[in-house]
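Okay, structure first, notes after.
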Amino acid sequence: MGGTLAVARRELAGYFATPVAYVFIVIFLMMAGALTFTIGGFFQRGQADLSPFFNFVPWLFLFLVPALTMRLWAEERRLGTIELLLTLPLPQWQAVLGKFLAAWAFCAIALALTFPLVVTVNYLGRPDNGVIAAGYVGCLLVAGAYLAVGAAMSAMTKNQVIAFVLAVAVCFLFAAAGSPVVTEFLSQRVPVLAELARGISLIERFNILQRGVIALRDVVFFASFIGFFLFVNAVVIDHRKAD
């Protein structure tokens, strides 16, 4: 894993060497706070929990994470530096995994900076901190899922805008698959597809974690989802590295 960690450190340092990291973090914190305290009615609810915050995080990540991943491989291919990266003495899968882990660690840092919400809710009441911890785990897993999708989409094109649009579209498909509108439409026509839609919905899985239930099947689902799209990422890079 030495090569993977070396790539991850290089990529993570690269985020903070440009304004990208700071813009992402500021926008995420501002939007999360605004939505939690206004639309989420954090104080008006009169309940000591972070449900208003967790309800919005997957939808914020739906747009912010693709903005983070759109340059992962598209920029490397556009500048031609991907050839240099892939000629380093490390397997290709380590480069793919290293880039993903760097972006995931960056999302974890952004989530960690929301700790004032945890302090506030503990000051105002007696929340179940185990449920809050499970909610943060769910947020991190959703971020990882979006990152894996975004990285795969970024590997498919040299254009960052196209990579962003593709990532948002695919992530939205998996996020909204379990929504009542989709499932009711499918259940009236193809009931089997309705069950499939619920099964692949990231938001459905996240909602279970948000309630404080960390089930093995949900963790396995997210791990498999991330692993599949990282595999797609590696395959695309292997086939298009000469472009």
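Condition first: β-branched (Val, Ile, Thr), over 14 Å from residue 173 (Cα atoms) and surrounded by 12 or more Cβ atoms within 10 Å (Cβ to Cβ). Now tell me which residues in the stretch 184-201 satisfy that. Even if it seems obvious, please write down each step before you answer.
Of the stretch 184-201, the ones β-branched (Val, Ile, Thr) are 190, 192, 200.
Subsequent filtering for residues that are over 14 Å from residue 173 (Cα atoms) retains 190, 192.
Answer for the stretch 184-201, where residues must be β-branched (Val, Ile, Thr), over 14 Å from residue 173 (Cα atoms) and surrounded by 12 or more Cβ atoms within 10 Å (Cβ to Cβ): just 190.
If the requirement is being within 16 Å of the chain's Cα centre (by Cα) and aliphatic (A, V, I, L, M), which of these qualifies: 186, 216, 196, 166?
Values: 186 fails: within 16 Å of the chain's Cα centre (by Cα); 216 fails: within 16 Å of the chain's Cα centre (by Cα); 196 fails: within 16 Å of the chain's Cα centre (by Cα).
Answer to the selection: 166.
Answer with yes or no whether residue 172 is among the hydrophobic types (A, V, I, L, M, F, W, C), under 24 Å from residue 11 (Cα atoms) and under 21 Å from the mean Cα position of the chain (by Cα).
Against the criterion (among the hydrophobic types (A, V, I, L, M, F, W, C), under 24 Å from residue 11 (Cα atoms) and under 21 Å from the mean Cα position of the chain (by Cα)), residue 172 does not qualify.
Among the residues of the stretch 104-120, is any hydrophobic (A, V, I, L, M, F, W, C), outside any helix (DSSP H, G or I) and modelled with pLDDT of 90 or more? It would help to see each step written out before you state the result.
Our first condition is that a residue be hydrophobic (A, V, I, L, M, F, W, C); within the stretch 104-120, this holds for 104-113, 115, 117-119.
Narrowing further to those that are outside any helix (DSSP H, G or I): 113.
Filter once more, keeping what is modelled with pLDDT of 90 or more: 113.
Yes, the stretch 104-120 contains at least one residue that is hydrophobic (A, V, I, L, M, F, W, C), outside any helix (DSSP H, G or I) and modelled with pLDDT of 90 or more.
Among the listed residues 85, 90, 97, 101, identify the single one that is under 30 Å from residue 4 (Cβ atoms), in contact with a Ser or Thr (Cβ under 9 Å, 6 or more places away or on another chain), among the hydrophobic types (A, V, I, L, M, F, W, C) and at pLDDT below 90.
The unique qualifying residue is 90.
Taking only pairs six or more apart or across chains, which ones have beta-carbon atoms under 7 Å, a first residue in the stretch 106-125 that is over 21 Å from residue 69 (Cα atoms), and a second residue that is part of a loop (DSSP other than H, G, I, E, B) and not charged (D, E, K, R)?
117/50; 121/48; 121/50; 121/127; 124/48; 125/48
Only one of these is over 20 Å from residue 102 (Cβ atoms) and in a helix (DSSP H, G or I): 32, 8. Name it.
32
Can you pull out the helices (runs of 4 or more DSSP H) entirely within the stretch 146-243 that have at least 3 residues that are at pLDDT below 90 and polar (S, T, N, Q)? So that I can check it myself, show each step before the final result.
Working: elements: 160-176, 180-189, 191-200, 202-210, 216-240.
Those helices (runs of 4 or more DSSP H) span 180-189.
The values are calculated or read from the model by the stated rules, or taken from the named source; none is laboratory data. Owing to the predicted nature of the structure, the values given are computational and were not obtained by experimental measurement. Backbone-built Cβ (ideal geometry, glycine too); neighbour counts: all protein chains shown.
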